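Here, each number is a calculation from the coordinates, and none is a lab measurement. Quick caveat, the model's predicted, so the values are computed rather than measured. Cβ: placed from backbone, ideal geometry, glycine included. Neighbour counts: every protein chain shown.
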Amino acid sequence: MCGIIGIYQKDKKSETASRLAVLGLFAAQHRGQESCGIAYFDGEKLQLIKQMGLVKEVFHEEVLKQIPSHVAIGHVRYPTKGSSDIRNAQPHILYNLSGPMFALASNGDIVNYKELREELEAKDVFFESQNDGELILKYIAYFHEKQGLSIVDSIKNVMQHFNGSYSTLLLVKDQLYAFRDPHGNRPFIFGELDDGTYVFASESCCLDIIRAQFKKEVSPCEIIHVNEKGMESIQLNPDEFRSRKHTAHCIFELIYFSRPDSIVYDNAVYAFREKLGEKLAKKEDIISDVVMPVPDSSNFIALGYAKELGMDFSLGLIRNHYVGRTFIAPEQTIRDENVSQKFNALPGYLEGKKVTLIDDSIVRGTTLRKIVKMVRRHGAKEIHVRIGSPMVKYSCYYGIDTPTMEELIANQKTVEDIATFLHADSLRYLTVPELKSLINDEKDFCFACFDGNYPIHLKE
Ligand code: SF4
């Protein structure tokens, strides 16, 4: 999971595209906190700024003053493939004989990365990183520069040969291309500002922060080309490019990854999460004194659960917002330290209470176990854990850094054993059919981490 943004201003004198891109990245910070960057056209050539760290740390006012442009793309990285290293940060930029010619930012994961990289290496293409974005960029550039394909045909070539997930923005000097993989696995939207500025982004919260209006999703297999003449959409037939014949939006975007104030795959994320909570509540037979979420990603699930049962929603746990998301910290050591730094319970509030604790999912179970321990230490007499998604039994290969199957607790243990591991008095999940019943077009979604049915080929 990463976040991307692209800005194209029709009025070249506006020169605020980079600033708008940085603001959009700030709204997408939850999608990746390891590194961030923008590539922009300065009137003569492409420029690149990228660093490890958060958007507000990297793009302070002194930097923002120096990056006038009418077209820019940006990226926040959450590492899946490749080490925690500036070489794997995006955007990637590529020179040809006339200077910096291409820049690319992508969200997703390429399943057949190794085979495609070896194919290019055999043609003397050199790689600096282990990052999927660099592979997409060099594949396009190779077929454009060495084989004479147009940029659009080079992108079609990517769609023909790449298995996986890629919502992608490409700059070819000052021309912007946006394209999305045939399965539409990661979210990707298009919006416009009142002055006609075009905006592409991972989520609608990135549009809101710059006051752009949501227009549409970039469709699976759509290539959008923007230049000074305007915007052109080339819609290819996804069925001709798919390894399996259906769209495969990641359901976890709605459960956990995306911000609750975003609209993703035409769903208001907060409302979807409330429905998860309602569904959990419908099968409840243990009524507690307190319903509380593991903040913040479970807040709306707990709200929906509490509403359905006519109970009050309580915030018994407080989250320190200056610590990153536990799940996306790249190293186990950092993850472990983060848990106790990240949450605290209200003093005296849980004393003697029967508590229902709501979480969005369980991956390894180590974080939740520590939270249960903390709630009990603060005096709760019973703790009933409810999970707003099914058991995560299978790893993700499409852009989410889930651990190996052996490390997934639900792959190894039964519900009862997991409850014991957590020291919870009871534990319940949503089932896969219950989750699917909340989706209008269930055939257009990926549920692979729950049911093991991978919709995009996994062959390396
Ligand atoms: S396997 Fe899970 S996390 Fe990965 S794309 Fe599918 S639903 Fe999303």
Length added when fully stretched, LEU458-ASP239, from 0.36 nm per residue minus Cα-Cα: 77.1 nm
Projected label distance in nm at GLU406 and GLU115, using a 7 Å step from Cα toward the beta-carbon: 2.6
Anisotropy class of the range 273-451 from Cα gyration tensor, a/c 1.5 cut: oblate
Order by protection proxy (mean Cβ within 10 Å, highest first), peptides 25-31, 411-417, 263-269: 25-31, 263-269, 411-417
Residue pairs, from the table LYS283/LYS393; LYS13/LYS156; LYS56/LYS436; LYS173/LYS216; LYS279/LYS393; LYS56/LYS114, whose Cα atoms sit over 29 Å apart: LYS13/LYS156; LYS56/LYS436; LYS56/LYS114
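Can you sort MET1, MET52 by how many other beta carbons sit within 10 Å, fewest first?
MET52, MET1
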Rough spin-label spacing in nm, given labels placed 7 Å along Cα→Cβ, for SER150 and ASN96: 1.5
Straight-distance crosslink candidates among aspartates and glutamates, where the alpha carbon sits under 15 Å from LYS353 and sequence neighbours closer than 8 are dropped: ASP289, ASP312, GLU382, ASP425
Gain upon complete extension [ASP312, GLN213; 0.36 nm per residue less C-alpha separation]: 32.1 nm
Added length on full extension, which subtracts the Cα-Cα distance from 0.36 nm per residue, GLU232 to ASP285: 13.6 nm
Packing-based ranking, highest mean first, of 355-362, 428-435, 124-131, 176-183 given that Cβ atoms within 10 Å are counted: 176-183, 355-362, 428-435, 124-131
Residues LYS10 and HIS60, FRET efficiency given R0 of 35 Å [Cβ-Cβ distance, rounded to 0.05]: 0.75
Principal axes of the range 3-243: Cα extent on each, largest first, Å: 44, 36, 35
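Mean 1/r over all different Cα pairs, inverted: what Kirkwood radius does the chain give, in Å?
22.8
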Between 0 and 90°, nearest 10: helix 299-309 axis offset from the chain longest Cα axis: 40
Test item: Cα-centred dipole of the range 114-207, Lys/Arg +1 and Asp/Glu -1 on Cβ, debye: 240
Long-range HN-HN contacts of VAL264 with modeled amide H, under 5 Å: VAL269
